[in-house]
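S.K.: Here it is: the structure, laid out below.
The values are calculated or read from the model by the stated rules, or taken from the named source; none is laboratory data. Model, not experiment: these values are computed from the prediction. Because the Cβ atoms are built from the backbone with ideal geometry, glycine has one as well, and the counts that use them run over all protein chains shown.
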Amino acid sequence: MKLNKFKLALSNYPTGIVCVFSKRKKLYEAILVNSFTSVSLKPPLVLWSLDKNSSKFNAFKNSKDQMIVLLSKNQKKFAQKIAFNKDKVSDMELKKILKSSICSLYCTKLKKIKAGDHFTFFLKIKKISNIKTLKPLIYYKKNFLTI
Ligand SMILES: Cc1cc2nc3c(=O)[nH]c(=O)nc-3n(C[C@H](O)[C@H](O)[C@H](O)COP(=O)(O)O)c2cc1C
């Protein structure tokens, strides 16, 4: 099956957008992700998949604690910055990001599975920050939209 056909088919499926953070020394590594989904309620588990060819692969492949931030419609510029330019944020920057995001899931890695050209992380949610009633950022047909 052709890769373009696969990409075209899946581009018709709208997804939310999250930013995954992992603290390394004093800065947070950050990656924009739309492969995030929930897995289990009891215990509360989620997953996302990391591209083995990503420039952020080394930063995330062994990260144990991860924070998953659900992005709001007000964070389109931030999403583009993280996806295409900047990939590390300071404590101060993170505080600002959290103010305009929907909520944060504080997770620890349960297991990692190699699948094709990705690694899938299964994560257990330890804590959820206060959830705001903001509209989500959505990815659909290569565009950032909202509802
Ligand atoms: C909307 C969107 C969703 C993405 N979702 C994922 C994902 O689920 N997993 C992943 O490893 N990379 C994902 N990426 C790509 C990473 O954000 C990527 O590492 C980043 O764009 C840097 O690109 P580079 O690896 O070419 O340097 C996504 C990018 C965009 C724009």
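S.K.: Please give the helices (runs of 4 or more DSSP H) falling wholly within the range 33-110 in which 1 or more residues are within 15 Å of K23 (Cβ to Cβ) and either under 13 Å from the mean Cα position of the chain (by Cα) or of a type in the set (D, E) (or both).
M.R.: Passing ranges, in order: 57-60, 91-99.
S.K.: If you don't mind, there's one more thing I want to ask. Go through (1) closer than 20 Å to L98 by Cα; (2) under 16 Å from the mean Cα position of the chain (by Cα); (3) among the charged types (D, E, K, R) and name the single condition R24 misses.
M.R.: It is condition (2) that R24 fails.
S.K.: Still on this structure, I have one more. So F57 ticks every box in (1) crowded, with 16+ Cβ neighbours inside 10 Å; (2) within 14 Å of the ligand (Cβ to nearest atom); (3) within 17 Å of Y28 (Cα to Cα) but one. Which box is left unticked?
M.R.: (1)
S.K.: OK, next. Which condition does T120 not pass, out of (1) over 13 Å from the mean Cα position of the chain (by Cα); (2) closer than 25 Å to N12 by Cβ, if it passes all the others?
M.R.: Every listed condition holds for T120 apart from (1).
S.K.: Being more than 15 Å from the ligand (Cβ to nearest atom) and in a strand (DSSP E or B) is the filter; apply it to the range 18-32 and report the residue that is modelled with the lowest pLDDT.
M.R.: Per the stated criteria, the residue is R24.
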